[in-house]
Amino acid sequence: MSAQRSDFIPSTRFGVITGQRFLFLLLAAFALVFSVNGLLIYKAISTFDGIEIDDAYQRGRAYNQTIDAMAVQNARGWQAAIEVAPSAPDKHATHAAHVVVVLKDRAGAPLDRLRLQATFWRPVSVGVDQSLRMNETAPGRYEGDFRLEAGGNWVLRLAALGPKGEKFAQEERVMIRN
């Protein structure tokens, strides 16, 4: 076989690629990748950790007790009807809501003399939650006014305590528009 002459002439636009230059380019590319990954890892660790509650590990271990408590609540047959209506905002809050909760037992009788705590929990923001003890305005009817910093998607959490120590909890997702 004979060698043929080629008319290919390598480009010298960026200089001749030597072993040393190739090693430098390879190391520079890896350095760029590692620095970007390092920046992304730093940002991921230093920002919101995703845990909204304290003692998440202990609560996770107590999950069976939570399931048992919910079974007791379901057996009791208490029911809550929740109404959330916009109300007039004031200078401290741009969004306001009037909450009415009607609590009844299994037979439909009103549940009165309960201590009812309502909390507006914002799933996407930390520090804007608002809790309020609801006032009983009629037997089994509890009302309260909330002043919220923002509209949108909220979770309304109810926690009631009966005169004999009975517990009731319920969550409902609500949309605040005003």
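Tabulated results
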item	result
Under 17 Å from the Cα of residue 164 - aspartates and glutamates, other chains or at least 8 residues apart	105, 112
Label corresponding to Rg/Rh (Cα atoms, Kirkwood Rh) when calculated from the structure given, among (1) 1.42; (2) 1.07; (3) 0.92	(1)
Trypsin sites (Lys or Arg not before Pro), loop per DSSP, at most 10 other Cβ atoms within 10 Å - longest free stretch of the chain	14-90
Net length gained if the chain between residue 55 and residue 6 were fully extended (0.36 nm per residue, minus Cα distance)	10.3 nm
Estimated inter-spin distance, residue 121 and residue 21, nm [label 7 Å along Cα→Cβ]	6.2
Fewest-first sequence of 83, 166 by Cβ atoms within 10 Å of each Cβ	83, 166
Expected 222 nm ellipticity per residue - DSSP helices of 4 or more, -39500 (n - 2.57), all of the chain, to 500	-9000 deg cm²/dmol
In segment 4-111, chymotrypsin sites (Phe, Trp or Tyr not before Pro) in a DSSP loop with at most 11 other beta-carbon atoms within 10 Å	8, 14, 48
Length gained when the stretch residue 85-residue 29 is fully extended (0.36 nm per residue, less Cα-Cα span)	14.4 nm
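Each reported figure results from applying straightforward, stated rules to the coordinates on display, with no laboratory input. Just so you know, these numbers come straight off a predicted model, no measurement behind them. All Cβ positions, even for glycine, are placed from backbone atoms using ideal geometry, and neighbour counts span all protein chains on display.
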